[in-house]
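The values are calculated or read from the model by the stated rules, or taken from the named source; none is laboratory data. In this text the structure is predicted, and so the values were computed from the model without any measurement. Reconstructed Cβ throughout: ideal geometry from the backbone, glycine too, with neighbour counts over all protein chains shown.
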Amino acid sequence: MKFKLFKIDGTSNGEMDIKEFPNLDDGKGVDALRQAIIAVHANKRQGNASTKVRSEVRGSGKKIFRQKGLGVGRAGDKKAVQRRGGGVSFGPKPRSYSQKLNKKIKHLAMERALVDQANAEKISLIEDWTVAEPKTKLFKNLIGSLAPQSKKVLAIGDSFDDNFALAARNLPTARLSRAQDLSPLDIVQSDQIVLSLKGMDILIAKFGVEVSKK
């Protein structure tokens, strides 16, 4: 797979062929990607919503009024589920929504996400992420050269120095991610993905493949 390559200042440096980049048949891994994205969202849920059943509502258990003679429907105590302030039938209780995916599903989902973005020509490479000073303007100019039309740029590297992190933190159209912490959701939510060469090495190494570049 060939990708556009940029120098550290954002100028073009031709193309680079990454032969070890994932390659999947059409349709393979789509369901795995779907499961992975659902799992990410589910694992973020707190699951602390709670309601009280009739026995947990505080108050008297005395019958509201006598059974017969008033010309109204029969009623028990005020904690009944049909009454305002009473208990709740089948309401939510604290629970865990977390989902666990095995390693093969995670790898397949990551491959599918990367292949889809690569086929859409939304992935490019940069030699390294660096700025001379911790100024947002410098990072904004760099991103403007790499992805001028994108509103959600994902900058991926092996690590980021303090100057670069400070320069990038106030730009709402771009965010940083280490390759070792990347998830399929990060990939599919981005308009443009720019990886450093070291970041690409780490990403490919996730799939147990050594990288050779030409």
Check K68, K78 and return the single one that is outside the structural domain of A32 (by TED's automatic domain parsing), surrounded by 11 or more Cβ atoms within 10 Å (Cβ to Cβ) and either assigned to a loop (DSSP other than H, G, I, E, B) or in contact with a helix residue (DSSP H, G or I) (Cβ under 7 Å, 6 or more places away or on another chain) (or both).
K78
Among the residues of segment 28-45, is any free of Cβ contacts under 8 Å to residues at least 40 places away in the same chain and either farther than 25 Å from L195 by Cα or touching a Ser or Thr at 6+ places or on another chain (Cβ under 6 Å) (or both)?
yes
Could you tell me whether segment 113-120 includes any residue that is surrounded by 12 or more Cβ atoms within 10 Å (Cβ to Cβ), over 21 Å from the mean Cα position of the chain (by Cα) and under 29 Å from P22 (Cβ atoms)?
no
Please work out if S96 is exposed (fewer than 12 other Cβ atoms within 10 Å of the Cβ), at pLDDT 95 or above and not assigned by TED's automatic domain parsing to the domain that holds D9.
yes
State whether one or more residues within segment 28-42 are among the polar types (S, T, N, Q) and either in a loop (DSSP other than H, G, I, E, B) or exposed (fewer than 13 other Cβ atoms within 10 Å of the Cβ) (or both).
no
Considering only residues that are part of a loop (DSSP other than H, G, I, E, B) and surrounded by 10 or more Cβ atoms within 10 Å (Cβ to Cβ), look in segment 47-60 and name the one that is nearest to the chain's Cα centre (by Cα).
G47
Checked against (1) part of a helix (DSSP H, G or I); (2) closer than 25 Å to E15 by Cα, A165 satisfies every condition except (2)
Regarding segment 120-137, can at least one residue be identified that is on the phi < 0 side of the Ramachandran plot, in contact with a strand residue (DSSP E or B) (Cβ under 9 Å, 6 or more places away or on another chain) and free of Cβ contacts under 8 Å to residues at least 40 places away in the same chain?
no
I'd like to check something: does segment 82-92 contain any residue that is assigned to a loop (DSSP other than H, G, I, E, B), more than 38 Å from the chain's Cα centre (by Cα) and polar (S, T, N, Q)?
yes
